[in-house]
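Trainee: Dropping a structure here in structure tokens format, bear with me for questions.
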Ligand code: NAD
Ligand code: LMR
């Protein structure tokens with residue numbers, strides 16, 4: 001094959017029709033913010049994903065090193081690095097899936113909304129380029145505050161005339177991963193055998209674990225419900241405080257992002273019954289965006305699963321969550337419309 005060094009020192013195969021191992025056509029995936037705390041382990045894990053044939057790593061700093069390093073892994077995905085705004089559009093051309101962990105993380109004492117002023121502009125710029133170069137890509141948006149950045153992305157795509165609500169997904173998988181872990185601990189089970197739906201949004205009280213719907217079915221005492229709900233809602237803050245100024249969750253987030261991206265890719269490939277929680281343009285409640293279980297398919301979100309029967313505690317929590325969510329959505333929308 002035609003092997004050449006790319007400008008950032010990573011070798012890349014050119015002019016070959018890339019196929020993932022096993023003869024299955026592979027997907028082209030871009031990671032924006034690839035040199036960051038989430039971006040690096042996420043890039044490594046996506047290089048290990050057999051559904052990925054081409055992996056584009058974009059950041060405003062340090063992509064040459066990350067790309068060179070990751071390109072030495074003996075897995076089939078071809079890795080290319082892109083550095084700085086001038087190379088953003090090239091990074092995105094022809095991508096099937098774009099994962100966005102770009103932006104600043106929290107420090108102790110901050111809320112996710114405190115990141116809005118910086119991250120809103122970053123997400124806007126990245127989504128404008130997506131609309132130009134890969135308007136049909138599935139977008140997995142990780143940058144906080146997710147409750148507002150997803151509405152920002154939607155508005156950017158609407159303005160560009162490319163908005164497809166099925167293809168824009170806010171990543172709330174880390175809430176589900178945490179919920180499975182903490183609930184499994186209480187139940188004395190392997191977390192892989194536990195499934196906790198987490199709905200609403202991705203900040204504080206908008207993170208609403210539906211403990212009444214845990215699988216395998218289980219009942220919790222009011223004390224356990226309070227402990228679990230509080231721990232799941234504040235899991236992010238727990239990590240921010242433990243890291244004491246050095247950022248927020250990166251490793252568990254990369255794990256969660258890959259779990260979610262892999263589900264999106266398997267659905268794109270045509271695998272049936274892929275159901276995940278995500279924060280999306282939604283008809284499940286009266287709110288324009290809401291996280292809940294969705295069925296993923298070849299076009300992204302194909303079906304919203306109903307919220308199902310809620311306990312009194314969950315119903316009351318949902319009302320509080322909706323109030324805060326409405327404000328966060330409005331803040332995102334007006335950032336673009338103003
Ligand atoms: P980080 O600071 O370690 O990395 C962020 C990366 O984004 C850096 O490499 C930076 O250079 C890059 N970046 C900045 N501006 C950019 C731009 N305009 N274009 C491309 N890249 C740009 O931060 P992190 O810990 O990786 O967190 C990233 C974001 O993810 C934060 O906003 C954080 O709050 C969020 N996050 C979300 C979840 C979730 O569950 N959705 C979980 C954890 C973190
Ligand atoms: C998380 O839930 O870990 C992320 O949203 C990062 C944060 O700021 O808590």
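Results for (1) more than 15 Å from ligand 2 (Cβ to nearest atom); (2) crowded, with 23+ Cβ neighbours inside 10 Å, shown as yes or no for each residue.
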| position | (1), (2) |
| --- | --- |
| 198 | no, yes |
| 207 | no, yes |
| 212 | yes, no |
| 259 | no, no |
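Trainee: How about the range 137-156: which of its residues are part of a helix (DSSP H, G or I), more than 14 Å from ligand 2 (Cβ to nearest atom) and either surrounded by fewer than 20 Cβ atoms within 10 Å (Cβ to Cβ) or in contact (Cβ under 8 Å) with a residue 40 or more places away in the chain (or both)?
Mentor: 151, 152, 154, 155, 156
Trainee: Only residues that are away from ligand 1 (no atom under 16 Å from the Cβ) and surrounded by fewer than 17 Cβ atoms within 10 Å (Cβ to Cβ): list them for the range 220-236, please.
Mentor: Scanning the range 220-236 gives 221, 222, 223, 224, 226, 227, 230.
Trainee: Kindly provide the set of residues from the range 104-136 that are touching a residue at least 12 places away in the same chain (Cβ under 8 Å) and more than 21 Å from residue 84 (Cα to Cα), ordered by number.
Mentor: Of everything in the range 104-136, those that are touching a residue at least 12 places away in the same chain (Cβ under 8 Å) and more than 21 Å from residue 84 (Cα to Cα) turn out to be 106, 107, 108, 110, 111, 112, 113, 115, 116, 136.
Trainee: A follow-up question, please. Considering the range 84-127 alone, what residues qualify as being at positive phi and either within 16 Å of ligand 2 (Cβ to nearest atom) or touching a strand residue (DSSP E or B) at 6+ places or on another chain (Cβ under 8 Å) (or both)?
Mentor: 94, 103, 109
Trainee: From the set of residues in the range 164-196 that are more than 16 Å from ligand 1 (Cβ to nearest atom) and touching a residue at least 24 places away in the same chain (Cβ under 8 Å), which is surrounded by the fewest Cβ atoms within 10 Å (Cβ to Cβ)?
Mentor: 189
Trainee: Another question, if that's okay. What number goes with the only condition from (1) in contact (Cβ under 8 Å) with a residue 24 or more places away in the chain; (2) within 25 Å of residue 146 (Cβ to Cβ) that residue 216 does not pass?
Mentor: All conditions pass for residue 216, except number (2).
Trainee: Could you list, in sequence order, all residues of the range 237-256 that are surrounded by 22 or more Cβ atoms within 10 Å (Cβ to Cβ) and either part of a strand (DSSP E or B) or away from ligand 2 (no atom under 11 Å from the Cβ) (or both)?
Mentor: If the condition is that a residue be surrounded by 22 or more Cβ atoms within 10 Å (Cβ to Cβ) and either part of a strand (DSSP E or B) or away from ligand 2 (no atom under 11 Å from the Cβ) (or both), then 254 is the only one that fits.
Trainee: Still on this structure, I have one more. Just for the range 80-115: of the residues that are within 8 Å of ligand 1 (Cβ to nearest atom) and part of a loop (DSSP other than H, G, I, E, B), which one is farthest from residue 140 (Cα to Cα)?
Mentor: Per the stated criteria, the residue is 106.
All of the numbers you see were taken from the coordinates with simple rules; none came from a lab. Everything numeric in this text was worked out from a predicted model, so none of it was measured. So basically every Cβ, Gly included, is an ideal-geometry build from the backbone, and we count neighbours across all protein chains shown.
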